[in-house]
Each structure stands twice: as structure tokens, then as C-alpha cells.
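Only one structure is covered here, and it is reproduced in the block below.
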């Protein structure tokens, strides 16, 4: 039996400054629920800060920096709870944030995961990049959000205040059923960071569960807490992990044309970086593709393992029928509500 109903788990690596700024709201508005810090072997004094300032918070220490994905995998092995909330260290929460997420999950027994509305900590009337009001992918696997297309963030005018089924929930703040998390195989530790929550949600959906957004729950995300937006390492991880996610989870025959198309479009993005004077990002795209090629044998094994799970079926719910790249860059549609092709259901 689970020891607790809900466990809030915050992964930390050298993030004392974030813990100082954001833990007060988490402690204040998470009363009655267990809070854990999973520390990725920080070299600052994060651990001593937690021990001295928040002795009520339970501390788990990984042997080295395992990244977001494997860092959580290892920590969650030691937490016995019905629900996990994976929460970034740079997130401010608000009153009732857990209660509303929990209600959404309890009212939908086939919901595997749920996210709140993510707003920008610095510009609080706008959606935040990492998840806005729910994540989707297009027909080629490119991610976008209800409230954010590429770098275009919408102002929150209550236009997306309905709780709906989505395709992926943000790793900045995601509630997931513990049993479903482990049944799906957890996060892919090879990803290290970025896109791992999309991969997890896709696997959860293919096991017959839904992913929800509950906008009554609001959190405010600083963003860029570990890797800055302009980091070439972030570009590398995003391109490598996104195409790997598509390879792992899409139907086999569709990969015959989707992977070549993705490689071409990624290549165009690399050329765009080059002509805008961002050589480092061009190199990051090339490096991502090279590592994707070397990963193919292991990705094939992962595909086979996923498909061997009882109850496996392909789910297209929340997949945009068209191309978000074409809609955004060619047709100039910059808002989620302006998309015209519709979604699979």
C-alpha cells in the first residue's frame, strides 16, 4: 500500500538559489502532502540548506548528477505514494494547486497524468514556454502547447480555461499515477533532460490512459533553471530526444517517411541557425543527428519492449493532423486557437 496519497518530488542540482526562492510557496500550499527533494549530488550547499531550513522535507541523494530523467527514476524507487508530482525547483505554486489536480485525476480513473496551467513567473499574465495550458504534437512529432507555438507565447485571457485531454503534460509540473509511471517504464534515462516527459506521456497513452490539463490549478514557472534557452546543449538535447521519441513511439510504417522528413526539416533549422550567426546551434543539430543514428539499435529494442506491454495500442488523441511548422512559418498562424487542421480524437 502507498505510504502517502500524493508525494511532491523536486529534483535539484546546485539549485540552492531556486530552493530559497520557490520552496516557501511549495511548503505553504502543499500542507498535508509529503515533500521530497531528490538531489543529483549537488556541489553547492543545497543539501545543508534543506537539512537546516526545512527539516520536515525528506531528502534523497543520488550518487551523481543523473540528469532529469534518471535522477527522478532513481529517486522514485524509494517513494511509496499513489501519485507523484514531479515539480521543477523553479516553480512557484498557488493555493489549491494539488487539490484541483487530484480531483481531475480521481474523477478520471483512466487519466495517467495531469498538468496545471503553467504561467510565466516573470510575466504572470502570459503562458510559460515549458507547458502553457497543455502539450500536443503535430503529425511529424513536433511539440507545441495550448498557449505557445514555438517561441510565441500567448497572454492568458482565460481562453483555455477548460480541462481537456492533451497529448503530453509538462515535466515542469506533472502529476502522474505511480503505478502507471512504473508500468510505462518511467522516464528514459538515456535522454538525460528535455523531451523525456513527452516520451513518457506517449507511452502512457499507448497503454490506454489519457493525459489531462487542469487549468484551475495554476503554477508560475521561471524557466531555464538548469539550461538557458540559448544553450547549445539544450538545442542538442531537444533535437536528439525529439526525433528519438518519434522513432520509439510512432507506428513502424509511418517512420519510413516521417523520419526522413524530420531529418530534412531539422537540417533546414540547422541551416537557419548558420545564416543567423549561430554556428554552435548548427553543430548541435548535426551532433544530435549523429547520436540519433548511433542510438537506432537501442531504440529498436525499446520499441519492441514498449509494444510487448499488456494493453498496448497506438493512440493518436491529441495529435495535430497538419504540420505546425507549415502553419506557423508559411501560413503565419501564431496562436493555438488559430490552427485549422484539427486534432485526432
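All of the numbers you see were taken from the coordinates with simple rules; none came from a lab. Keep in mind that this is a model prediction, so the values were computed, not measured.
Data overview
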{"item": "Relative contact order of region 232-312, defined on C-alpha pairs under 8 angstrom at six or more residues apart (%)", "result": "43"}
{"item": "Radius of gyration and maximum dimension Dmax of region 27-174, Cα, Å", "result": "16.6, 50"}
{"item": "Share of alpha-carbon pairs per 5 Å distance bin for region 293-345, given as whole %", "result": "4, 16, 16, 12, 11, 14, 15, 10, 1"}
{"item": "Two-decimal Rg to Rh for the chain - Kirkwood Rh, Cα set", "result": "0.94"}
{"item": "Among beta bridges that DSSP assigns inside the chain, antiparallel share in %, nearest 5", "result": "45"}
{"item": "Mean projection area, nm², convex hull over Cα of region 232-312", "result": "5.4"}
{"item": "Rounded to 10°, Cα long-axis angle of helix 196-205 versus longest principal axis of the chain", "result": "80"}
{"item": "Cα long-axis angle, helix 279-307 against the chain (0 to 90 degrees, to the nearest 10)", "result": "80"}
{"item": "C-alpha long axis of helix 16-29 to longest principal axis of the chain, angle in °", "result": "70"}
{"item": "Ratio Rg/Rh [Cα only; Rh per Kirkwood] for region 1-106", "result": "0.94"}
{"item": "C-alpha center-to-center spacing [region 89-141, region 1-65] in angstrom", "result": "20"}
